[in-house]
Amino acid sequence: MQIFYSLLQYIFLFVLLMVPGFVMGRRNRIDANGSNTLTNMLTDIAMPFLVFSKLLQIDLSALRLSAILCCLLLPLAAIVVIWLLSVLVFPTRENRSRYPVGRFCSMMPNCGFIGIPLAAAIFPDRPEVTLYVSVVNILSTYCLLTLGTYVLSEDKGEIQPKKLLFHPILAAIVLGLALSLLPDGMVRFVENYAVLLAQLATPVSMLVLGYRLSRLPFGDLLRNREMYQVIGMKLIAMPFVSIGMLLVLKLCHFPLDTSLIMAMLIATSVSTAGSAPALAQRYSLDAEHAAACTIGTTICSVFTIPMMYLLVHTLF
C-alpha cells in the first residue's frame, strides 16, 4: 500500500504545481507564446534528459526483451481497442468539429507531460519504470503521428510517421544506451549534468497545464457533456482494457514483474495527450473542446489513477 500513498501524495503535489501557472495565466503574466516556449523546453530538454538520466541508472543486462515488447504491443492494442470503441461513442453524425476530437482524446495518453514525470517521482529507486513508460511514450507518439493524425484530419496524406525518427525521447534513449557502455566515472559526470536538467520536467509540465486551465471558462467546462464521455473512455475504459490484457498475460504465465505492471498502469491511466488542443486547431476543429478534455482528464486522473492502482494491487 506504500505505492498507493505515494501515488496520492505525488498526484496531489502535481495538482498544486499547476496553481502558479493558473495564477500567472489569470493575471495575464504569461501568454500563449510563453506557454509554447515552456512546452518546447519541456519536450526538447527536460523530458529527454529525464529519460536519459534514468537510462544511465539502469543495469541494462537485467532488462528483458519480453518486457520491452510488452511496452510496445500492450499499449498499442489498448489504443486500437479504445479507438474502435470511440467510433461508437462519438458517431460521425455529431458535430464535425467535435467528434474527431472526442475520438482522439479518448485514445491518446499523455505519457510525456504526466506519465514520465509521475513514474520518476513515484519510483525514484526503480529507473526501469520510467524507461518502460518512455518506451510507451515513443509508441504513443508514433500512434499520434499516424492513427491520431488520421482521426483528426480524416486524410491519409497527413500521416507523417517519419517525424518519429527525430523525436527527442528516441534520441535520448539511443544516446543513453550508447553512453551506458562508457567507464563508470565518465558516466557519473554526464548523469549529474542530466539530472539537473531533468528536474525541470515536473514543474514545467504542471505550469503549462495550469496556464491552460486558466484559459478555460469553468461554466463551459462543467457543462461539456462530451468531456465526461472522454473522461470515461480515457481514464476508465483504457486502464480496464490494459489491466484485462495484463491478466491474460498472467494466466498465460508471461513473466510480469512489478515494475512492468506499474509502468503499464501509469502509461494507460494518465490524462489525454497535451498536444490535443494544438492539433485540433491545426485541423480547424474545436480546440476549446480539446483543451477542456485535456484539463478535465488531468483533474479527474487525481482520483482515477489511485483507484486503478488499488484494482491492480488486488488482482496482482
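Report, to the nearest whole %, how much of the accessible area of the chain belongs to carbon and sulfur atoms, 1.4 Å probe, protein only. Display every interim value, and only then the final one.
Numbers: 9400 of 14170 Å².
That share works out to 66 percent.
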Probe 1.4 Å, accessible area per residue of segment 18-95, Å²: 53
Computed label-point distance, nm, for sites Met307 and Arg225 using a 7 Å Cα→Cβ extension: 2.2
Answer label, with percent of Cα pairs over 28 Å apart calculated from the coordinates and candidates (i) 40; (ii) 36; (iii) 53: (ii)
For segment 220-249 versus segment 186-202, the gap between their alpha-carbon centres in whole angstrom: 35
Charged-residue dipole, Cβ positions (Lys, Arg, Asp, Glu), the chain about Cα centre, Debye nearest 20: 540
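Please give the charge dipole size of segment 1-106, origin at the Cα centre, charges +1 on K and R Cβ atoms and -1 on D and E Cβ atoms. Round to the nearest 20 debye. Present the calculation step by step, with values, prior to reporting the outcome.
Working: 9 positive and 4 negative charges, 78 e Å.
Here segment 1-106 has a charge dipole of around 380 debye.
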Euclidean distance between Cα centres, segment 159-182 to segment 20-82, Å: 13
Per-residue ³J(HN,Hα) for segment 104-114, Karplus 6.51 cos²θ - 1.76 cosθ + 1.60, θ = phi - 60°, Hz, x for Gly and Pro: 4, 5, 6, 10, 9, x, 8, 5, x, 5, 10
Residue-wise HN-Hα coupling along segment 255-265, computed from phi with Karplus coefficients 6.51, -1.76, 1.60 (Hz; x: Gly, Pro): x, 9, 9, 4, 4, 5, 5, 5, 5, 5, 4
Segment 127-141 residues near the modelled Leu73 label - backbone nitrogen below 20 Å, point 7 Å along Cα→Cβ: 132-141
Gyration tensor verdict on segment 1-160 (Cα atoms; rounded if a/c is under 1.5, prolate if a/b is larger than b/c, oblate otherwise): oblate
Candidates Ser35, Ser284, Ser61, ranked by Gaussian network fluctuation over the chain, Cα under 10 Å, top entry: Ser61
Top positive-direction residue, dipole computed over segment 166-316 with Cβ charges, set Thr297, Leu311, Phe218: Phe218
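Let me have the relative contact order for the chain, percent, based on Cα pairs under 8 Å that are six or more residues apart.
Values: 438 pairs, mean separation 105.4, N = 316.
Computed over the chain, the figure is 33 percent.
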Cysteines in the chain that, by Cβ-Cβ distance, have no pairing candidate under 4.7 Å: Cys70, Cys71, Cys111, Cys143, Cys252, Cys300
Signed unit charges on C-beta, dipole axis of segment 72-138, positive-most listed residue Val87, Val129, Gly115: Val87
Cα-based shape type of segment 167-316, given that a ≥ b ≥ c are square roots of the gyration tensor eigenvalues and the cut on a/c is 1.5: oblate
Karplus (6.51, -1.76, 1.60) ³J(HN,Hα), θ = phi - 60°, over segment 24-40, in Hz, Gly and Pro reported as x: 4, x, 5, 8, 6, 8, 9, 10, 4, 5, x, 5, 5, 4, 5, 4, 5
Rounded if a/c under 1.5, otherwise prolate or oblate - segment 170-214, Cα gyration tensor axes: oblate
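The values are calculated or read from the model by the stated rules, or taken from the named source; none is laboratory data. All values derive from a computational prediction rather than experimental measurement. Cβ sites come from the backbone with ideal geometry, for glycine too, and all protein chains shown count toward neighbours. All accessible areas refer to the heavy atoms of the entire protein, side chains included, with ligands and DNA or RNA removed. Shrake-Rupley method; radii C 1.70, N 1.55, O 1.52, S 1.80 Å.
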